[in-house]
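Below you'll find the structure, written out as C-alpha cells, and then a few comments.
The values are calculated or read from the model by the stated rules, or taken from the named source; none is laboratory data. This structure is a prediction, so every number in the text was calculated from the model and none was measured. So basically every Cβ, Gly included, is an ideal-geometry build from the backbone, and we count neighbours across all protein chains shown. Remember, those area values only see protein heavy atoms, side chains included, never the ligands or the DNA or RNA. Shrake-Rupley method; radii C 1.70, N 1.55, O 1.52, S 1.80 Å.
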Amino acid sequence: MSVQTEGTDTAGGPAVRKGRAPAPPRGADRASRSPAGRLAAAPYLLLLPALVATLVLLGWPLVKNGMLSFQNLNPRQLIQHLTEWNGFHNYQQVLTGSDFWKVVERSVLFTAANVVLIMLVGTLIGLLLARLGKKMRLTLLVGLVLAWAMPVIAATTVYQWLFAQRFGVVNWVLDKLGWHSMADYNWMGSQFSTFSVIVLLIVWQSIPFVAINLYAATTTIPKELYEAASLDGAGAWQSFTSVTLPFLRPFLYSTTFLEVIWVFKAFPQVFAMNEGGPDRLTETLPIYAYVEGVGNQHFGVGAAISFLTILVLLVITSYYLRMVLKQEEDEL
C-alpha cells in the first residue's frame, strides 16, 4: 500500500506547497487601480473650471450684494467711504411697505401671462414645423432664427417705432382700417396698453426658442408609434394625446421652467420701453430694485429688494423644479 505524503509530489518531483497564490508586487495593484480612479475623477475635473468661474462671476457678487443689503449706503456714505451696518432695517422697510407687494403681484401676473402665451404659440408653431414641407419649414426656421438673433435693445427700439403715437405704423394701419380714434393713440399712456406692447415684444422674442426646440423634440418620436396608433383607429387628436404629448412632456416642463425664469427677470424690455411708467405702474421687481437702488440712490434698499426678488423667483419655480427632478428620478 502506498502512502502519499502531504506537500510532496507522488511522481518524485519537487514538493509543491498548497496555499494562496503569491501576492503581486506592490506597485502592480496601484497601477491597476489608478486608471479607474482617474476615470472616476474625470467628470469632476471637467466641471471644475465652470464651477470656479461660477463662484468668481456669480458667487462673489452675490455675497457682496448680500452684505450691501445689511448696510445703510447712500451718497453720503459713498463720498465719505463709510460703512454703516443697519441689520435688517432695509428688509423691514421693504416688506412693511405696500409698494413691494403690489410690484410682486404685478410681476407674477406679468410672468404668468407671458409664459402662457409663449408656450401656447411656441408649441403650435413647433408642431407646424414638423408637418410643413422642406422648403416652407426652412423659410419659417430662417424667420424664427432672425427674430431670435435680434438684440434685445434693437428689438425694443423697433417696437417703440411701431407703436409711436404720431408716426407709428400700428396707429397708421388701424386708422386705415377704420379705427380713426387710434390715429393718435398713445400706447405708453396707460398701464394696460404699455404692458400689452411689452408682452407682445417678449412673446415675439421667446417663441423661436420654444418652437425650434419643440420641433427638434418631435424628430425623436419613432414613426412606428404613429403607424400603430393609426392601425388602432386613432385620429389626429388621439395620436397627439397618446403619442406626441407623452414624448414632449419632459420638454414642456423644462422649457416652461426656463421661460418663467427668463420672463420674471426681464429688465431691458420693460425699462427701455417706458422706464416702468406711466407713474411707475409697469415696474416689475427687477425694475423696482433698479429704481430704488440706483435711481433713488438707496443702494442698501435696492440690494435688499434684489435679494427678495431671488427668493420670490425661487418660490415661483420650486414647483416646476420639483417636477423636473422627480421626472429625472423616474427615468433613472
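For the reader, a short list of remarks on this structure follows.
- For Phe192 and Tyr44, the difference between the fully extended length at 0.36 nm per residue and the C-alpha to C-alpha distance is 48.3 nm.
- In degrees, nearest ten, helix 134-149 long axis to first principal axis of the chain (Cα): 70
- Shape call, segment 163-250: gyration tensor on alpha carbons, a/c limit 1.5: prolate
- Spin-label model distance (nm) - Ala228 vs Thr83, 7 Å beyond Cα toward Cβ: 6.6
- Accessible solvent surface per residue of segment 48-331, calculated while the other protein chains remain in place, 1.4 angstrom probe, Å²: 59
- Kirkwood Rh and Cα Rg combined as Rg/Rh, segment 117-205: 1.06
- Integer Hz, Karplus 6.51/-1.76/1.60 couplings in order for segment 197-209, x for Gly and Pro: 5, 5, 4, 4, 5, 5, 5, 4, 6, 8, 4, x, 4
- With Cα atoms, 0 to 90° folded angle of helix 299-331 axis to the chain main axis: 50
- Two-site label geometry, Leu311 and Ala216: point separation in nm, points 7 Å out along Cα→Cβ: 3.7
- Label-reachable residues, segment 283-306, where backbone N falls under 14 Å from a point 7 Å from Asn74's Cα toward its Cβ: 293, 296-302
- Rounded to the nearest 20 debye, dipole of segment 48-331 from Cβ charges on Lys, Arg, Asp, Glu: 500
- Distances between placed amide hydrogens fall under 5 Å for Gln71 paired with Asn86, all partners being 5 or more residues away or on another chain.
- Carbon/sulfur fraction of accessible area - the chain, other protein chains in place, 1.4 Å, %: 67
- Positive-end residue of Ala164, Ile207, Tyr185, charge dipole of the chain with Cβ unit charges: Ile207
- The alpha carbon centroids of segment 100-160 and segment 239-278 are separated by 8 Å.
- Helix 26-54 axis versus longest C-alpha principal axis of the chain: approximately 0°, rounded to the nearest ten.
- 37 °C / 0.692 mPa s Stokes-Einstein diffusion coefficient of the chain, Kirkwood radius on C-alpha pairs, µm²/s: 128
- The slack in the chain from Leu141 to Ala113, taken as 0.36 nm per residue of separation less the alpha-carbon distance, amounts to 7.6 nm.
- Calculated mean residue ellipticity at 222 nm for the chain: -22500 deg cm²/dmol, from DSSP H runs with n ≥ 4 weighted as -39500 (n - 2.57), summed, divided by the residue count and rounded to 500.
- The three principal axes of the C-alpha atoms in segment 224-323 carry coordinate ranges of 68, 28, 17 Å, sorted with the longest axis first.
- Contact order relative to length of the chain, as percent, for alpha carbon pairs under 8 angstrom and 6 or more apart: 23
- Calculated FRET efficiency for the pair Leu55/Leu120, C-beta based, R₀ 41 Å, to 0.05: 0.60
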